[in-house]
Each structure stands twice: as C-alpha cells, then as structure tokens.
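The structure appears below as structure tokens.
The values are calculated or read from the model by the stated rules, or taken from the named source; none is laboratory data. Everything numeric here is computed off the predicted structure, so don't read it as measured data. Methodologically, a virtual Cβ is constructed for each residue, glycine included, from the backbone with ideal geometry; neighbour enumeration extends over all protein chains shown. Surface accessibility is based on the protein's heavy atoms, side chains included, excluding ligands, DNA and RNA. Shrake-Rupley method; radii C 1.70, N 1.55, O 1.52, S 1.80 Å.
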Amino acid sequence: MPISLIVASSEPHFREFVREHLAHTPGAKVVAEHDEAGLNVYVRILHDMERNPHAAVLLDIGGDPEQGLRALEHMKNAMPGLYVIVSEYQASSEFLIRGMRAGASDYIQQPLKRPEFRDAMTRLEQHMARAQQHGKPLGKLYTFVGAKGGVGTTTDAVNFAAVCARQQKSTILVDLDLDSGDAASFLGLNPQYSIYDVVENLDRLDQSMLDGIASRDAIGFSVLSPPDDLEKARMIRGDHIKEIAAFLVEKYDAVIVDGSRGLDEALLGCLELSESVFLVLTQEFLAVRNAQQYLAALGKLGFSAEQLKIVVNRYGKGQNSAVSMEQIQQTLGTKIFYAIPNRYQDSMQAVHQSRPAVSYAGDLQQAYMGMAKKILANGASSATPASAPPPERKKFLGII
Ligand SMILES: Nc1ncnc2c1ncn2[C@@H]1O[C@H](COP(=O)(O)OP(=O)(O)OP(=O)(O)O)[C@@H](O)[C@H]1O
Ligand SMILES: [Mg+2]
C-alpha cells in the first residue's frame with residue numbers, strides 16, 4: 001500500500017522537503033498540508049483522515065513542542081490507531097519519552113536529512129504492511145492434479161490463475177510437477193530461481209524475497225517453478241512444501257498448485273491445506289480408471305467428497321471410445337464439477353503464443369471464466385450437495 005502523509009508544520013522548507021522526497025518515492029504522496037502544528041490543527045487532521053483513512057501524520061512540533069505534544073495527545077485520544085511521526089530539534093531522552101507517552105509512533109530529528117527521512121518512511125511502510133496483514137483472512141489454496149499425464153492439468157491451473165489475477169486477487173501459481181513442470185513455459189517465462197531457492201531460504205523467507213524468486217506473468221500473478229536440476233528437485237520434501245504453502249496462504253488471496261501426477265510427498269504436503277482438490281481427467285478409459293483409484297486413495301487420506309472436484313477436460317460428445325459423462329459420474333460416484341470443451345486449435349494457439357487460453361475470446365474463455373466463477377462462488381462446496389446421497393458407486397469395468 002502506498003504512503004499517504006498529512007504534514008503539519010509552520011516551516012515552509014520542512015513541508016517542501018517532505019513533498020520533494022515523497023515525489024521520488026513511487027506511489028507515495030502528501031494528501032494534506034497544514035501550515036501550523038498548534039493545538040487546533042488536530043481537528044483539521046481528523047477531517048483529513050475521513051477522506052484518507054490510511055494516511056499517517058508527520059507533525060513538526062519544533063516551533064512549540066509543548067503545544068505540539070498536546071495536539072498529539074488530542075489526536076491519539078480521538079484516533080488511537082493513528083500513526084504519527086513527530087519531528088523537532090531536541091533529541092533528549094526526556095523529550096522522546098514524553099513524545100512516546102503522548103502516542104508518537106516514530107520520531108525524526110530536525111533539520112531533516114534524507115537518509116533518516118527515508119528510514120522513517122521505510123518503517124511506516126512496514127507498519128502499513130503489518131496492519132494490512134493483521135486481520136486479513138487467509139487465502140485459499142486450490143490444487144489441480146491429473147488422473148493421467150497430458151489431460152490438461154497445467155492448462156486448467158494456468159487459466160484459473162489468470163482469471164483470479166484478472167479479478168484483482170493476489171495470486172501465485174506453484175508448479176509442483178517437480179520432475180517435468182512446464183507451467184512457466186506455457187506463459188513464456190524463463191525463471192531464474194525455483195522452489196528449491198525458497199526451500200533454501202525458508203528460515204528467512206519474506207514477501208520481498210519471494211518476489212525475487214518467483215517470476216511474474218504479464219497479467220499480474222506470480223509463478224513459482226520447480227528446479228531444472230532433478231537432484232535439487234529430489235531434495236524438496238513434503239514438510240518444506242507444507243511450510244511454503246502455509247506461508248503463501250498468509251500472503252496471497254489465491255494459491256494455485258499445478259500438482260504432480262502421483263501422490264508424492266510434495267503433493268501431500270500441500271493437499272492438507274487445500275480448500276479444494278481438482279482431479280482433472282479426460283473421457284479416456286485409462287484416465288477414468290486412474291481417477292477412480294486416485295479418489296479412493298484421497299478418500300483413505302481423509303479428504304471429503306466436498307473437497308474433491310472432478311474436472312473433465314477436452315469434453316466432447318460421441319468421441320470414439322470415449323467414456324460418457326454419465327459413465328464417469330457413475331464410476332466415480334460423484335458429480336462432475338466442470339467440463340472444459342475440446343478445442344485443440346484454440347488451445348494450441350494459446351500454447352504457441354505463450355498466453356493462457358482465457359485471454360482469447362471463444363469457447364475456452366467462456367469455459368474457464370465459468371469454471372473460475374463456480375470455484376470462487378461456492379468456495380468449499382461441491383457440485384454434489386453434502387446433504388444429497390452420492391450416486392451409487394459402480395465397478396468401472398461393469399459399466400463400460
Ligand atoms: N480443452 C482443451 N482442448 C484441446 N486441447 C487441450 C485442451 N486443454 C489442454 N489441451 C492440450 O492438451 C495438451 C496437454 O495439456 P497440459 O500440458 O495442460 O496437460 P498436463 O495434464 O498438464 O500434461 P503433463 O502430464 O505433461 O503435465 C496441450 O497440448 C494442451 O494444449
Ligand atoms: Mg502439466
């Protein structure tokens with residue numbers, strides 16, 4: 001969040017210094033200026049705060065420290081959460097203690113100097129970031145897994161991430177296909193760092209470090225990729241992924257995982273925190289059979305039917321040797337959450353242009369927008385209402 005500052009000072013050069021400095025700080029601005037810092041200024045500042053509720057105050061009490069401290073006390077009584085930076089000439093410990101008791105959040109000595117002012121702005125930014133974080137609901141983790149290779153798991157995960165980012169959700173796509181992840185190349189990205197670098201820095205991981213490691217798609221979402229080196233990939237453990245996932249849901253609204261095919265340690269590490277697991281398959285016999293096994297394994301691990309959602313990719317009617325949608329539902333004993341139509345040309349066009357298919361007008365765009373709408377609207381609930389009995393589970397071979 002950019003800095004908004006209300007400045008109160010009887011010194012024109014003080015106000016000028018602040019204005020000039022903030023002009024060089026991206027996004028930062030002075031939202032109100034007052035040419036006095038006496039007792040009455042606090043009423044005007046409270047009015048400013050109505051228009052700029054996230055603003056902080058810089059109060060120059062150098063002209064009359066006693067009056068200034070009283071103005072500060074009044075402000076803090078009226079708005080205890082207000083961040084006020086006090087500035088004056090003396091820096092005696094006695095004065096600092098009095099300022100602190102009156103409710104000052106920070107202090108800058110005059111005459112103002114650039115490095116000290118910059119440090120104070122950094123502290124303000126950190127305070128704002130913490131305040132924003134505080135009370136923010138945890139983000140949601142959505143995991144996409146494929147019942148079989150090549151069914152379109154990465155395509156679904158990438159497009160869902162794109163829709164989330166378009167809807168102004170802070171979004172990160174995590175490619176957990178540690179052996180052969182290709183989400184970044186779907187987006188034309190060439191990552192320099194990987195999940196392995198996150199693992200190596202887990203004990204000091206913060207948002208700015210993560211921003212340095214992740215790549216960023218033009219739509220605005222971040223992408224964490226697997227390492228190129230398979231040996232490094234092998235060193236990524238389930239507990240690492242669990243810790244990273246816990247960190248990410250604190251920082252992002254939507255964490256989207258392109259999962260590996262097998263139920264490996266890394267995938268299990270993030271499944272636990274997943275609000276939904278999307279099992280992607282096509283209408284192929286093998287994919288449906290694998291999906292059946294996958295669901296059984298996830299069921300044994302304690303996943304409820306509501307958390308597991310079936311996405312049928314490349315859906316089409318009357319395909320040769322295709323399993324019908326009804327057969328899929330009967331075999332898996334659950335309703336299909338969403339079906340994405342088979343549009344090979346459009347899909348390949350998106351791949352060749354390294355953009356998500358949802359960026360191009362057409363059926364795939366409609367389908368991915370519809371899928372995202374359904375995911376985001378019903379949160380954790382599944383297409384099969386919890387109260388309704390699931391369809392009878394049949395043996396796959398019995399219905400084909
Ligand atoms: N709805 C669709 N219609 C037609 N083709 C599609 C569709 N969705 C994806 N594809 C194509 O299917 C191929 C495989 O897609 P993708 O890489 O997303 O699958 P995957 O399950 O992640 O594969 P892998 O097992 O290699 O990770 C790609 O060429 C993609 O363009
Ligand atoms: Mg894939």
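Sort the range 4-133 into rounded, prolate or oblate with this rule: let a ≥ b ≥ c be the square roots of the eigenvalues of the Cα gyration tensor; rounded if a/c is under 1.5, and if a/c is not under 1.5, prolate when a/b is larger than b/c, oblate otherwise.
Cα axes put the range 4-133 in the rounded bin.
Most fluctuating residue of ILE172, ILE97, ILE108 in a GNM of the chain with Cα springs under 10 Å: which is it?
Maximum fluctuation in the GNM of the chain, among the listed residues, is at ILE97.
What aspartates and glutamates does LYS136 reach when the alpha-carbon gap must be under 12 Å and sequence neighbours fewer than 8 apart in one chain are set aside?
Answer for LYS136, where 12 Å is the Cα cut-off: GLU250, ASP253, listed by chain and number.
How big is the chain in terms of Cα radius of gyration and Dmax, in angstroms?
27.5, 89
Please list, or write none, the aspartates and glutamates whose alpha carbon is within less than 12 Å of the alpha carbon of LYS309, excluding same-chain residues fewer than 8 places away.
Within the straight-line cut-off, LYS309 pairs with GLU275.
In sequence order, what are the phi-derived ³J(HN,Hα) couplings for the range 174-182 according to the Karplus relation 6.51 cos²θ - 1.76 cosθ + 1.60 with θ = phi - 60°, rounded to whole Hz, with x for glycine and proline?
Calculated HN-Hα couplings, in order: 10, 8, 9, 7, 5, 7, 8, x, 9 Hz.
Might you work out the accessible area of GLU200 for me, using a 1.4 Å probe with all protein chains in place, and round it to the nearest 10 Å²?
120 Å²
What chymotrypsin sites (Phe, Trp or Tyr not before Pro) does the range 82-120 have in DSSP loop regions with at most 13 other beta carbons within 10 Å?
TYR89
For the pairs LYS113/LYS169; LYS76/LYS113; LYS29/LYS169; LYS169/LYS300; LYS29/LYS242; LYS29/LYS140, note any where the Cα-Cα span goes beyond 31 Å.
Pairs exceeding the cut-off: LYS113/LYS169; LYS169/LYS300; LYS29/LYS242; LYS29/LYS140.
Heavy atoms only, probe 1.4 angstrom, no DNA, RNA or ligands counted: give me ASP177, ASP228 ranked by accessible area, highest first.
My answer, sorted largest first, is ASP228, ASP177.
Counting Lys and Arg as +1 and Asp and Glu as -1, each charge on the Cβ, what is the dipole of the chain about the Cα centre in debye, to the nearest 20?
Approximately 1640 debye in magnitude.
Can you bin the range 204-283 into rounded, prolate or oblate? Criterion: square roots of the alpha carbon gyration tensor eigenvalues sorted a ≥ b ≥ c, rounded for a/c under 1.5, prolate for a/b above b/c, oblate for the rest.
Cα axes put the range 204-283 in the rounded bin.
Roughly how many percent of the accessible protein surface of the chain is carbon and sulfur, given a 1.4 Å probe and a whole-percent answer?
Of the solvent-accessible surface of the chain, carbon and sulfur hold 50 percent.
Between the range 231-291 and the range 21-79, what's the alpha-carbon centroid distance in Å?
49 Å
Using a Gaussian network model on the chain with a 10 Å cutoff between Cα atoms, which of ASP253, ASP119, ASP156 fluctuates the most?
Maximum fluctuation in the GNM of the chain, among the listed residues, is at ASP119.
Highest GNM mean-square fluctuation, the chain, Cα pairs closer than 10 Å: which of SER87, SER194, SER185?
Largest GNM mean-square fluctuation: SER87.
Students sometimes get this wrong: rank GLU306, GLU243 by accessible area, probe 1.4 Å, all chains present, largest first.
Reading off the accessible areas and sorting them downward yields GLU243, GLU306.
Averaged per residue, what accessible surface does the range 4-133 expose to a 1.4 Å probe, in Å²?
Per-residue accessible area for the range 4-133 comes out at 52 Å².
Sorted by accessible area with a 1.4 angstrom probe, largest first, how do ARG234, ARG261 fall?
ARG234, ARG261
Can you give me the relative contact order of the chain as a percent, contacts being Cα pairs under 8 Å and 6 or more apart?
Reported relative contact order: 14 percent.
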